[in-house]
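In what follows, a single structure is set out as structure tokens and then discussed.
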Amino acid sequence: MASVTFDKATRLYPGSTRPAVDAIDLEVADGEFLVLVGPSGCGKSTTLRMLAGLEEVNDGRILIGDRDVTDVPPKDRDIAMVFQNYALYPHMTVAENMGFALKIAGVNKDERATRVLEAAKLLDLEPYLGRKPKALSGGQRQRVAMGRAIVRQPQVFLMDEPLSNLDAKLRVQTRTQIASLQRRLGVTTVYVTHDQTEALTMGDRIAVLKDGVLQQVGTPRDLYERPNNVFVAGFIGSPAMNLFQADLTDAGVMFGNHPVAIDRATLAGISGKKVTVGIRPEDVTVATSGDGLPVEVDVIEELGADGNLYGHSDIAGARVDLCVRVDGRSHPNAGDKVYITPKEGHLHLFDVESGARVGEAVIA
Amino acid sequence: MQIVSALVSVVGGLTVSFLIYLGLNFIVGKTNTKWNRRLLPYVFIGPILVLLLGFLVYPTIRTVILSFVDTTNDKFAGFGNYVSLFTSGDFLSTLLNNLLWILVVPAVTVAIGLGVATLADRLGPKREKTFKSIIFLPMAISFVAAATMWRFIYTYDPPGQPQTGLLNAIWTGITHGDPVPWITIDAGRFNDFLLMIVVIWLNAGYAMVLLSAAVKGVPEETIEAARIDGAKDRQIFFRVIVPQIQGTIVAVFVTVLIGVMKIFDIVFAMTGGTYNTNVLGVEFINQFFNFGNPGKASAVVVILMVAVIPVIVYQVRNYRKQEVLR
């Protein structure tokens, strides 16, 4: 077991001017489950591959435990990786796939068999040990890939979108299985995904990347409640946070004709007369008349227990699309006009220019 | 003049066969749909079937029959031709040559092809292309032309005279000794190997092209997984890459093997089977034309055919197995 440290680690692909991963500083504690998340092309996979030793580090350092592994080849890093396409050896049986690393390491046959069997039991793979990957279903292959990592008993698990090739139902099941398995084994894990739901449900902490730059690191709750900037605010959470520009008056931020007061310290942090407002769909009060931002309902998405109201509003002459969580049984209908106001303590403000968060606490 | 007649035969042949198919199709098209559907497949495979029967199956049967005839007096000889072949020291030596050919050439060709394919893969796209083109170049040369070229390389001129043979020029240049009549050295069947080099040189490009495609088809992720699993380059090559391209390796091996079993041109053009380099293909020509013994010649061919059949059966099976895996 060990911690993992990225110290200004940078990856610049030859012939490219912008680094794929730009001076990342990140610490993963011993036994922690850290999720790297971001849109495609944000450098999350590259970051993981740098840790694996499959990608060169052009600047900065990477440490596993106290050991600087920046220039150490993958085989000497004591890590195991689960690939997106599983990367099982097609010519080997499940048992041989799982035992390959041990065989290379010169572990004797009996111990190899014991350890493979142990891992197989853990993953319900016992009946398939003699099969080739071709004869397995997608979910089984995924478990073999996991098994291959577990058998190694490495210091760090690296997982590169291991669930993206599974169907939706299996993905949700496997998600919990992996998370609970990781907690049971207590092995430090770095997990890459583009799916923010996976990130929220699995990670002890989440690191959000965009364009090779680390945006924010924190617990799922942190990121959800206190996004550092507009990007994180819009990326984490589903349906996404509503973000729009609003006028700033002496009374506060204008929500239609309804002013939302903000404290003096926050106000001081805002330059200009406008501010980007962020409000999560569930943090909105919907009324059929009265104060608030007028919203025309376009669609109601029924989810059973509750529903999503998709509508639009007109703010300073521009159409703004909005999503609001409503009750599943009693809700407005498409074509209705409703008035929304933010629930107390759940309004996020961001600088219009930089997109950075304004104000420490969640604003009233 | 030759070019014109070649052109005429190519264009004419194609046109005539096209017209035949067109005509047959037209005739069948005149019948009603029921008959049309029944006849159409036969119309298209029919001509090929006739050609195969007439020019392959029939001669094969004829040859087999002829191999049991003593053609010196046109009497049925039973296994006489075979017995006489297998009791002759010369023929056994010929068989040994063939055996050496099939033991050495396919294996070396595949090894070189695989080596070049793997190493070229690391050169980067531009240099890889150049490099592979050069290795592939001999494929464009006919066997007889290649044999002639290599005969020049192995040429022997008496001592004291300028050495026109490349090998002897190098040899005398370095050792300052006497030139060596390379092609005549049959100790340990040395000259056999000199001839084999030509075929390997010709076939390495073919092996390389197919194996290179296979090597590139190996998923990069499995190689990365092996690197993380702790494998060294050599282990990755033999335990991860080679097993995954085994099908192609076998296919190339067997194809070269079949070609080598039937080897004729190189030996015929370079030594004519003399100096103990004789092989079955050349022996057939000798028996048929030089010794005027078609019966014995047929027996040689039948032996060769019987030897090739299991290899072809294996190749077809292997091919089907690969198809299933795909």
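Going by the structure shown, is A:Leu34 assigned to a strand (DSSP E or B) and assigned by the TED database to the domain that holds A:Val190?
Spelling it out, A:Leu34 is indeed assigned to a strand (DSSP E or B) and assigned by the TED database to the domain that holds A:Val190.
Condition first: assigned to a strand (DSSP E or B) and free of Cβ contacts under 8 Å to residues at least 40 places away in the same chain. Can you find one or more residues in the stretch A:218-227 that meet it?
The answer is yes; a qualifying residue exists.
Residue-wise test of (1) modelled with pLDDT under 95; (2) in the same structural domain as B:Ile153 (by TED's automatic domain parsing); (3) over 25 Å from the mean Cα position of the chain (by Cα); (4) not in a helix (DSSP H, G or I).
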position	(1), (2), (3), (4)
B:Arg189	yes, yes, no, no
B:Leu194	yes, yes, no, no
B:Leu202	yes, yes, no, no
B:Gly205	yes, yes, no, no
B:Met208	yes, yes, no, no
B:Ala213	yes, yes, no, no
B:Glu221	yes, yes, yes, no
B:Gly230	yes, yes, yes, yes
B:Gly247	yes, yes, no, no
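Suppose we filter the stretch A:76-102 for residues that are among the hydroxyl-bearing types (Ser, Thr, Tyr), facing chain B (nearest Cβ under 9 Å) and either over 23 Å from the mean Cα position of the chain (by Cα) or under 9 Å from A:Lys132 (Cα atoms) (or both); how many remain? Write out each step before concluding.
Of the stretch A:76-102, the ones among the hydroxyl-bearing types (Ser, Thr, Tyr) are A:86, A:89, A:93.
Subset that is facing chain B (nearest Cβ under 9 Å): A:86, A:89.
Retained after the next criterion (residues that are either over 23 Å from the mean Cα position of the chain (by Cα) or under 9 Å from A:Lys132 (Cα atoms) (or both)): A:89.
Of the residues in that region, 1 qualify.
Does B:Gly247 count as of a type outside the set (Lys, Arg), within 14 Å of chain A (Cβ to nearest Cβ) and more than 24 Å from A:Lys75 (Cβ to Cβ)? Full working, then the answer.
Details: of a type outside the set (Lys, Arg): yes; within 14 Å of chain A (Cβ to nearest Cβ): yes; more than 24 Å from A:Lys75 (Cβ to Cβ): yes.
When the stated conditions are applied, B:Gly247 passes them.
Could you grab the pairs with beta carbons closer than 9 Å, sequence gap of 6+ or different chains, first residue in the stretch B:203-230 and closer than 29 Å to A:Ala105 by Cβ and within 14 Å of chain A (Cβ to nearest Cβ), second one among the polar types (S, T, N, Q) and assigned to a helix (DSSP H, G or I)?
What qualifies is B:Ala214/B:Gln244; B:Ala214/B:Thr248; B:Gly217/B:Gln244; B:Gly217/B:Thr248; B:Val218/B:Gln244; B:Pro219/B:Gln244; B:Thr222/B:Gln244; B:Ala226/B:Gln235.
Return the residues of the stretch B:1-33 that are surrounded by 11 or more Cβ atoms within 10 Å (Cβ to Cβ) and over 18 Å from B:Gly46 (Cβ atoms); say none if nothing qualifies.
B:Gly12 - this is the single residue of the stretch B:1-33 that is surrounded by 11 or more Cβ atoms within 10 Å (Cβ to Cβ) and over 18 Å from B:Gly46 (Cβ atoms).
Need the failing condition index for B:Ile236 against (1) within 12 Å of chain A (Cβ to nearest Cβ); (2) in contact with a Gly (Cβ under 7 Å, 6 or more places away or on another chain), just the number.
The failed condition is (2).
So is A:Gly60 away from chain B (no Cβ under 14 Å), farther than 24 Å from A:Gln182 by Cα, surrounded by fewer than 22 Cβ atoms within 10 Å (Cβ to Cβ) and of a type in the set (Gly, Ala, Ser) or not?
Yes; evaluated as a whole, the condition is true for this residue.
Residue by residue, here is whether (1) of a type outside the set (Phe, Trp, Tyr); (2) touching a Ser or Thr at 6+ places or on another chain (Cβ under 9 Å); (3) at pLDDT 85 or above; (4) assigned to a strand (DSSP E or B) holds:
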| residue | (1), (2), (3), (4) |
| --- | --- |
| A:Phe231 | no, no, yes, no |
| A:Gly234 | yes, no, yes, no |
| A:Ala240 | yes, no, yes, no |
| A:Phe244 | no, yes, yes, yes |
| A:Leu267 | yes, no, no, no |
| A:Gly272 | yes, no, no, no |
| A:Thr276 | yes, no, yes, yes |
| A:Gly290 | yes, yes, no, no |
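Of the residues that make up the stretch A:122-129, is at least one within 22 Å of B:Lys232 (Cβ to Cβ) and either among the hydroxyl-bearing types (Ser, Thr, Tyr) or within 14 Å of chain B (Cβ to nearest Cβ) (or both)?
Restricting attention to the stretch A:122-129, the residues satisfying the condition of being within 22 Å of B:Lys232 (Cβ to Cβ) are none.
Scanning the stretch A:122-129 turns up no residue that is within 22 Å of B:Lys232 (Cβ to Cβ) and either among the hydroxyl-bearing types (Ser, Thr, Tyr) or within 14 Å of chain B (Cβ to nearest Cβ) (or both).
How about the stretch A:319-345: which of its residues are of a type in the set (Gly, Ala, Ser) and within 31 Å of the chain's Cα centre (by Cα)? So that I can check it myself, show each step before the final result.
If we filter the stretch A:319-345 for residues that are of a type in the set (Gly, Ala, Ser), which is where we start, we get A:328, A:330, A:334-335, A:345.
Scanning the stretch A:319-345 gives A:Gly328, A:Gly345.
Here is a check on your reading of the model: is A:Leu166 of a type outside the set (Asp, Glu), touching a helix residue (DSSP H, G or I) at 6+ places or on another chain (Cβ under 8 Å), free of Cβ contacts under 8 Å to residues at least 40 places away in the same chain and surrounded by 17 or more Cβ atoms within 10 Å (Cβ to Cβ)?
Yes; evaluated as a whole, the condition is true for this residue.
Please go through (1) touching a Ser or Thr at 6+ places or on another chain (Cβ under 9 Å); (2) crowded, with 22+ Cβ neighbours inside 10 Å; (3) farther than 30 Å from A:Leu88 by Cα for B:Ile266 and return the number of the only condition it doesn't satisfy.
The single condition B:Ile266 does not satisfy is (1).
The values are calculated or read from the model by the stated rules, or taken from the named source; none is laboratory data. As the structure is a computational prediction, the values presented were derived from the model and not from experiment. All Cβ positions, glycine included, derive from the backbone under ideal geometry; neighbour counts span all protein chains shown.
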